[in-house]
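The numbers here are math on the coordinates, done by the rules we state, and not lab data. All values reported here derive from a predicted model rather than from experimental measurement. Cβ: placed from backbone, ideal geometry, glycine included. Neighbour counts: every protein chain shown.
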Amino acid sequence: MKTTLAALKKGQKAIITDLNIDAVPLKLLEMGCLPGNTVELLQVAPMGDPIYINVNESHVAIRLETAREIDVEFIPNSL
């Protein structure tokens, strides 16, 4: 099932399939937020934004606005 990074639930893992290169900051790309890499949602801020993810063994907080620009495919039974 394809969706965006913003739709992940805490503890869920997915594989990045595509991203909007113009909307995703270069720093995220340098940290490994690239197609083919696995991403896991670690935590969500109390108001829902930002979200805290693990991608390429890096822990990163990103805004929901940015997460909506990253397409992912859920890894079955990753909760």
*Can you tell me which of Lys9, Lys2, Lys27 is out of contact with any helix residue (DSSP H, G or I) (no Cβ under 6 Å at 6 or more places or on another chain), charged (D, E, K, R), without any contact (Cβ under 8 Å) to a residue 12 or more places away in the chain and exposed (fewer than 15 other Cβ atoms within 10 Å of the Cβ)?*
Lys27
*Single residue of region 63-73 satisfying the filter (in contact (Cβ under 8 Å) with a residue 24 or more places away in the chain and assigned to a loop (DSSP other than H, G, I, E, B)) that is nearest to Ala7 (Cα to Cα)*: Arg68
*Unique match (being among the β-branched types (Val, Ile, Thr) and within 10 Å of Leu5 (Cα to Cα)) among Val44, Val55, Val60, Val39*: Val39
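The rows are residues; the columns are (1) polar (S, T, N, Q); (2) surrounded by 13 or more Cβ atoms within 10 Å (Cβ to Cβ).
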| position | (1), (2) |
| --- | --- |
| Thr17 | yes, yes |
| Asp22 | no, no |
| Met31 | no, yes |
| Glu40 | no, yes |
| Asp49 | no, yes |
| Thr66 | yes, yes |
*asked:* I'm checking my understanding of the structure. Among residues of region 37-52 that are part of a loop (DSSP other than H, G, I, E, B) and under 12 Å from the mean Cα position of the chain (by Cα), which one is nearest to Lys9 (Cα to Cα)?
replied: Pro50
_Subset of region 4-27 [farther than 14 Å from Glu65 by Cα and among the hydroxyl-bearing types (Ser, Thr, Tyr)]_ = Thr17
